[in-house]
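Q: Sending over a structure as structure tokens; questions will come in a sec.
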Amino acid sequence: MDTMRAMHIPLDHPLLQRIVDDLAEKGWSQQNGFLPQALTLELAAECRKRAAEGELAPAAVGRGPAQEIREGIRGDHIQWLEEDDAAVCGTYMALMDSLRLAMNRDLFLGLEDFESHFALYPPGSFYLRHLDRFRDDDRRTVSAVVYLNDAWLPEQGGQLRMYLKDGVEYDVVPTGGCLVVFLSGEVPHEVMPATRERLSLTGWFRRRGNEPF
Ligand code: OGA
Ligand code: MN
């Protein structure tokens, strides 16, 4: 049996409880060391392998037919996760599913599914300030980013800059294993350029919504 795949966290685990409490209190949470180091390394290797095989593509801005590639807005390269991905991706999905259930249990968010992609920001690339919720599709409710970078130094840039209430700006250093979650429709944020390649898994917990056709 694939033991990694079975890695759910009990819903009353203090780690999940902290995230849920943070979300209720302030709308976002940062948990350093959320991913075990071995898993972080494996996911980073998987992301680099896909990049080397040419599977990552420039990310688009917008949704549906209005999508376009605009490197002046975002310069990352991405690949969406699929059902039949490598086992290591299943482990990550199982962890995120535990988080989804904990949020539903305690915050009544009614989160139905989770979509996510690997993201690779080449040196110098960035993602300008934005909200993760589309104008015509309000299903994205909670954003979750886990970083896959070994030994990141603050002076290498690449911070996630969140624009919080009362003009407060908060920077997250994209250190491997760190998880950041925030309310997709409420926290504007930006990815600052870095001097080295920046890897992450970014995803969105979605509730049922008014998806247009
Ligand atoms: C995104 C995003 C943040 C990050 O992909 O929408 O804002 O820190 N990512 O990578
Ligand atoms: Mn975003």
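Q: With a ≥ b ≥ c taken as the square roots of the eigenvalues of the C-alpha gyration tensor of the chain, please select rounded if a/c is under 1.5 and otherwise prolate if a/b is larger than b/c or oblate if it is not?
A: Note, shape of the chain comes out rounded.
Q: If you don't mind, there's one more thing I want to ask. Using a 1.4 Å probe on the protein heavy atoms, what percent of the accessible area of the range 1-130 belongs to carbon and sulfur?
A: Answer for the range 1-130: carbon and sulfur cover 54 percent of the accessible area.
Q: What is the dipole size for the range 52-154, taken about its Cα centre, with +1 at each Lys and Arg Cβ and -1 at each Asp and Glu Cβ, in debye to the nearest 20?
A: Computed about the Cα centre, the dipole is about 580 debye.
Q: Suppose every K and R has +1 on its Cβ and every D and E has -1 on its Cβ; what is the size of the dipole of the chain about the Cα centre, in Debye to the nearest 20?
A: Dipole magnitude for the chain comes out near 340 debye.
Q: Computed from the mean reciprocal separation of all distinct C-alpha pairs, what Kirkwood hydrodynamic radius does the range 137-188 have, in Å?
A: Computed over the range 137-188, the radius equals 12.2 Å.
Q: Points 7 angstrom from Cα along the Cβ direction at ASP97 and ALA60: gap in nanometres?
A: Using points 7 Å along Cα→Cβ, the separation is 2.8 nm.
Q: Can you pull out the trypsin sites (Lys or Arg not before Pro) in the range 97-141 that DSSP calls coil and that have at most 13 other Cβ atoms within 10 Å?
A: Of the trypsin sites (Lys or Arg not before Pro), the ones in loops of the range 97-141 whose Cβ has at most 13 other Cβ atoms within 10 Å are ARG135.
Q: Using 1/(1 + (r/R0)^6) with R0 = 30 angstrom and r between the beta carbons of GLU53 and MET7, what's the FRET efficiency to the nearest 0.05?
A: Efficiency, from the Cβ-Cβ distance: 0.70.
Q: Moving to a separate point now. Using only the Cα atoms of the range 11-123, what do you get for the radius of gyration and for Dmax, in Å?
A: Both quantities, over Cα of the range 11-123: 16.2, 43 Å.
Q: How large is the accessible surface of HIS77 in square angstrom, using a 1.4 angstrom probe and rounding to the nearest 10?
A: Estimated to the nearest 10 Å², HIS77 gives 60 Å².
Q: Another question about this same structure. P(r) for the range 92-213, please, calculated from all Cα pair distances in 5 Å bins and given in %.
A: 2, 11, 20, 22, 19, 15, 8, 3, 0
Q: Moving to a separate point now. Using every alpha carbon pair in the range 1-75, what percent of pairs falls into each 10 Å bin from 0 up to the bin containing the largest distance?
A: Final binned percentages: 14, 24, 31, 28, 2.
Q: Further question: Given a Förster radius of 30 Å and the C-beta distance between ASP166 and ASP137 as r, what FRET efficiency does 1/(1 + (r/R0)^6) yield to the nearest 0.05?
A: After rounding, the FRET efficiency stands at 0.55.
Q: So which GluC sites (Glu not before Pro) in the range 1-89 are both in a DSSP loop and have at most 16 other Cβ atoms within 10 Å of their Cβ?
A: Sites meeting the loop and neighbour criteria: GLU53, GLU55, GLU71, GLU82, GLU83.
Q: Write down the accessible area per residue of the chain in Å², having rolled a 1.4 Å probe over the full set of protein chains.
A: 49 Å²
Q: Assuming R0 = 22 Å, can you tell me the calculated FRET efficiency for the pair GLU68 and LEU128, based on Cβ-Cβ distance, to the nearest 0.05?
A: It comes to 0.95.
Q: Then there is this: Quote the accessible area belonging to TYR127 in square angstrom, nearest 10, computed with a 1.4 Å probe and with ligands, DNA and RNA left uncounted.
A: The accessible area of TYR127 comes to roughly 40 Å².
The values are calculated or read from the model by the stated rules, or taken from the named source; none is laboratory data. Remember, it's a predicted structure, so these values are computed and weren't measured experimentally. Heads up, the Cβs are rebuilt from the backbone with ideal geometry, glycines too, and the neighbour counts pull from every protein chain shown. With ligands, DNA and RNA removed, areas are computed over all heavy atoms of the protein, side chains included. Shrake-Rupley method; radii C 1.70, N 1.55, O 1.52, S 1.80 Å.
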